[in-house]
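A short write-up of the structure that comes next.
The values are calculated or read from the model by the stated rules, or taken from the named source; none is laboratory data. Keep in mind the model is a prediction, meaning the values are calculated, not measured. Every residue, glycine among them, receives a Cβ derived from its backbone with ideal geometry; neighbour counts consider all protein chains shown. Quick note on the areas: whole protein, heavy atoms, side chains included, nothing else; ligands and nucleic acids left out. Shrake-Rupley method; radii C 1.70, N 1.55, O 1.52, S 1.80 Å.
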Amino acid sequence: MSDQGRRKPAVLVGVALAGALLPGITLGAETVDVVLSVLVATVVLVVLTQLIHIGPSGRVPLPALAALGLAGFAQDALIWWLLSWLGPKVSELRVEGVGTILLAALITRTTVLLVSQLAPSAGRVPAED
């Protein structure tokens with residue numbers, strides 16, 4: 001599976017976790033509103049992170065992972081800030097406060113980095129005994 005193929009579900013999981021765990025994120029009252037809010041946030045995050053790709057394409061050493069994680073966190077924070085403005089215009093998504101934006105970015109980027117480091121690398125052949 002390609003890096004893009006792993007990143008999209010990771011972004012979806014990160015958005016869903018942020019929406020479920022953070023009290024400053026409101027997804028809506030009805031199930032349809034919640035699904036639409038998560039979908040809108042996921043699509044915006046996936047599209048913008050594909051336009052400007054910041055992150056490892058496979059396993060990397062810890063210093064490189066930290067640098068990529070910090071740059072990706074900044075990118076995700078800016079995207080969540082955009083979502084705090086855009087969300088109420090297209091769905092029931094509400095993101096309140098800078099702290100919530102930063103925590104949502106941290107959750108999203110951590111999920112993406114974990115998936116990129118835990119999933120097996122493409123083209124890597126397992127060792128035989």
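So what is the 222 nm mean residue ellipticity for the chain from helices alone, if each DSSP H run of at least 4 adds -39500 (n - 2.57) and you divide by all residues, rounding to the nearest 500 deg cm²/dmol? Don't jump to the answer; show the numbers that get you there.
On the way: 4 runs with 90 residues, N = 129.
One gets -24500 deg cm²/dmol as the mean residue ellipticity at 222 nm.
What number comes out for accessible area per residue over the chain if the probe is 1.4 Å? Units Å², please. The partial results should precede the final answer.
On the way: 7360 Å² over 129 residues.
Result: 57 Å² per residue.
Starting from the Cα of Val98, step 7 Å toward the Cβ, then list every residue of the stretch 63-82 with an amide N under 20 Å from that point.
Zone members listed by number: 70-82.
Using the per-residue mean of other Cβ atoms lying within 10 Å as a proxy for protection, in what order, highest first, do the peptides 34-43, 87-96, 106-115 fall? Before the final figure, lay out each step's value.
Details: 34-43: 19.0, 87-96: 17.3, 106-115: 21.1.
Listed from highest to lowest mean packing, they are 106-115, 34-43, 87-96.
Quick check for me: using +1 on Lys/Arg Cβ and -1 on Asp/Glu Cβ, what's the dipole size of the chain about its Cα centre, in debye to the nearest 20? Present the calculation step by step, with values, prior to reporting the outcome.
On the way: 8 positive and 8 negative charges, 50 e Å.
That gives a dipole near 240 debye.
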